[in-house]
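Input: a single structure, listed below in structure tokens.
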Amino acid sequence: MKNRPLRTAVTVFLVLVMILNVSLPAFGTVETPELSTDSVTLLSPGDLNADGKVDLSDVVMLLRHVLFPELYPLPGSNTAEDRYVYKHVVILGVDGGGAFFEQADTPNLDRIFENGSVTYEAQCMYPSISAQCWGSMLHGVLPDYHGLPNGSDAPYPSDSIFPSIFRVVREADPSCSLASFNNWTEINRTILEDGLGIYMDSGSDGVETDKIVAYLEYNQPKLMFVQFDSPDVAGAKGWGSQYYLDTMHTVDSYIGRIYDKMVETGMMEDTLLIVAPDHGGTYLVQPDGTVTGGHGGKSPSEMTIMIAVTGKTVLKGRMGEADTRDIASIVLYALGLDQPDTYTGRIPDGVFPGVEGMERPVYTPPHVIRYAHEGEPTPADGSGKTLFDYVDRNSVAMYMPLDGNVHDAVGTYTVSPAGSLSFTDGYYGQGVSVAEGSIMTGFSPGTSSFSVSCWINITIYDSDPSIFGNKLWTSGYNRGFVVAYRGKDIKFNLGDGSRRMDVSFDLPSDPFKNGWMPLIFVVDREAGTVGMSVDFGALQVYEIPDEMKNVSFSTPYGMNFGQDGTGVYPVQMPASLDELVIYSRALTSADIAGLKAYYQGDRAN
């Protein structure tokens with residue numbers, strides 16, 4: 001309080017300066033000149049609230065800042081100490097929206113973001129799939145790290161080193177209100193962590209809009225996320241088709257209603273609003289003339305998206321280079337929070353005054369090795385330490401040590417390399433990378449019990465590639481089976497042409513960061529079960545449905561490692577394999593203990 005006389009004098013002087021800077025009515029207001037779309041709008045001197053004129057509201061804003069600088073920072077202050085902090089951030093996500101907002105009739109988006117920062121050239125994540133992209137938007141990292149797949153059932157780990165923006169906000173402000181409204185229920189169930197006290201609701205786009213408007217009548221959450229799903233559904237008739245564009249127009253009306261409610265309640269006065277999709281999609285004309293669409297690939301129409309941001313300190317014009325991860329960075333910056341060191345997004349150019357789009361931070365996760373290559377060769381015959389000293393040789397149908405070749409060491413089957421294989425350090429001796437190839441075998445299980453054991457070193461997560469299988473993996477209904485990697489789990493699928501069975505086996509968190517991992521897969525036809533052991537643990541067992549218990553596991557293709565049965569599935573398995581073993585019976589817990597002793601006993605000691 002010692003400086004109150006000096007502060008008062010300074011305040012009076014500044015107010016007089018600003019009053020003198022206000023033009024007389026004959027001269028109108030101070031207009032902000034229009035710049036090209038490649039530039040941003042500059043504020044006139046004294047125009048603190050960025051409304052294009054200098055008037056009494058700017059005087060009030062300056063007075064509040066001078067008297068109470070901690071409570072009322074000026075907009076555009078962009079150091080960590082005094083940057084403007086918004087009270088609210090709202091993300092309106094449009095599933096499958098891509099960059100097609102530019103083609104659609106969107107009068108509400110046009111008016112809302114007239115003075116905002118917008119790009120139609122941002123890039124989504126690869127693969128261009130919902131869970132991967134929404135996960136990156138909400139967790140600030142690539143899909144390789146958050147590991148979220150479509151179809152997961154488990155909540156996101158609450159102790160992950162890649163927390164969601166909701167968790168970051170909650171830990172910084174335990175008493176604030178948070179909300180998430182979605183059509184696609186997996187966002188609330190599996191992409192966000194449990195226990196954060198988020199108000200959650202799910203339903204169709206129109207119904208959820210009604211609920212959001214009702215919720216905002218009495219609530220002003222610090223962070224709110226909304227997901228509209230209908231454009232993604234409409235994309236099945238072609239992204240960019242008239243049906244799709246009409247659906248985008250309808251979603252635009254929902255966005256307009258939410259925005260108008262925030263204006264009506266005064267919430268928009270201190271809200272940063274973001275509209276962005278997860279991915280785009282394709283427009284395909286089938287031979288019969290039918291138009292269809294899809295997503296998941298790398299084509300520009302799938303990968304290119306719009307990101308639009310508006311708020312009292314947001315610059316007007318074109319946003320610089322951006323991708324989905326950057327949205328998490330924008331959100332936390334606006335709320336005055338530092339992003340976690342594990343995040344790899346950053347604020348693009350052209351969003352906030354004085355904030356330049358720097359290089360994205362690089363995060364290298366700790367490489368926690370459970371099992372590492374130590375330069376040991378595969379134990380030689382007669383050493384007393386071979387595989388067959390721990391597992392009955394008569395039950396081994398095929399054994400590939402993969403030491404420089406893909407030959408079957410027991411000589412039962414002919415094995416063929418496909419694509420481009422490269423040999424690397426394995427668990428024992430060498431292993432083989434199947435990132436650009438696969439190993440094709442003639443093994444066909446039919447209706448007999450069988451098992452597979454192998455070591456796998458996964459490098460990244462990319463959709464649902466086949467670790468091994470013998471079916472065409474374009475549909476789960478196709479005849480045959482596949483064991484596919486999905487980031488947080490491994491999926492087993494069995495089809496007979498018209499029916500299918502799908503189950504998931506849990507994995508340790510972040511398995512691709514942990515070096516070599518042993519997998520044991522067991523099909524027990526007598527018990528009518530399938531099971532999997534990870535890290536030599538107990539089998540996770542599922543029953544085969546009664547209607548499929550007699551289904552043959554055989555197809556015209558043999559079992560293929562690193563690919564589906566055809567060898568042409570478009571998503572390759574990004575991993576190295578070693579010690580591929582196929583058994584002609586269902587392995588037991590005693591067999592798993594024997595394999596653990598073989599692979600881990602001496603080395604662990």
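Computed from the coordinates by the stated procedures, all read-outs in this text should not be read as laboratory data. This is a predicted model, so every value here is computed, not measured. Cβ atoms come from the backbone with ideal geometry, glycine included; neighbour counts cover every protein chain shown.
Observations
- Dipole magnitude of the range 88-334 about its Cα centre (Cβ charges: Lys, Arg +1; Asp, Glu -1), debye to nearest 20: 320
- Vicinal HN-Hα couplings computed from phi for the range 445-453 (Karplus, 6.51 cos²θ - 1.76 cosθ + 1.60; Hz; Gly/Pro x): x, x, 10, 8, 5, 7, 9, 9, 10
- In order along the range 407-415, phi translates into HN-Hα couplings of 6, 7, 5, 9, x, 7, 10, 8, 10 Hz, rounded to whole numbers, per the Karplus curve 6.51 cos²θ - 1.76 cosθ + 1.60 with θ = phi - 60° and x for Gly and Pro.
- When +1 charges are put on Lys and Arg Cβ atoms and -1 charges on Asp and Glu Cβ atoms, the dipole computed for the range 387-604 relative to its Cα centre reaches about 340 debye.
- As a length-normalised measure over Cα pairs under 8 Å and 6 or more apart, the relative contact order of the range 121-245 settles at 22 percent.
- D110-D210 pseudo-label distance in nm [points 7 Å out on the Cα-to-Cβ vector]: 2.9
- Contact order normalised by residue count of the range 387-604, Cα under 8 Å, 6+ apart, percent: 31
- Approximating the spin labels as points 7 Å out from Cα along Cα→Cβ, the E356-to-Q600 distance works out to 5.2 nm.
- Along the range 353-360 the Karplus relation, 6.51 cos²θ - 1.76 cosθ + 1.60 evaluated at θ = phi - 60°, assigns HN-Hα couplings of x, x, 10, 8, x, 7, 4, 5 Hz to successive residues, with x for each Gly and Pro.
- Computed from the C-beta positions of S589 and S475, the FRET efficiency with R₀ = 41 Å rounds to 0.75.
- Residues whose amide H lies under 5 Å from that of V94, counting only those 5 or more places away or on a different chain, are F228, A276, D278; hydrogens are built 1.01 Å from N in the peptide plane.
- Neighbour-limited loop hits for trypsin sites (Lys or Arg not before Pro), the range 284-337 (at most 13 other Cβ within 10 Å; DSSP other than H, G, I, E, B): K298
- Charge-dipole axis of the range 88-334 as Lys and Arg at +1 and Asp and Glu at -1 on Cβ define it, positive-most pick from G266, L92, Y243: G266
- Cα gyration tensor category, rounded, prolate or oblate, for the range 387-604 with a/c compared to 1.5: rounded
- Averaging the Cα positions of each part gives two centres, and for the range 183-217 and the range 447-509 these lie 32 Å apart.
- Spatial separation of Cα centroids for the range 264-295 and the range 528-542, in angstrom: 40
- FRET E, pair H249, D270, Förster distance 22 Å, beta-carbon r, rounded to 0.05: 0.15
- Charge context of I544, other residues only, Cβ under 10 angstrom, K/R +1, D/E -1: -2
- Here's the list of aspartates and glutamates a cross-link from K596 could span, going by alpha-carbon distance under 16 Å and ignoring same-chain residues fewer than 8 apart: D389, D392, D535, D578, E579.
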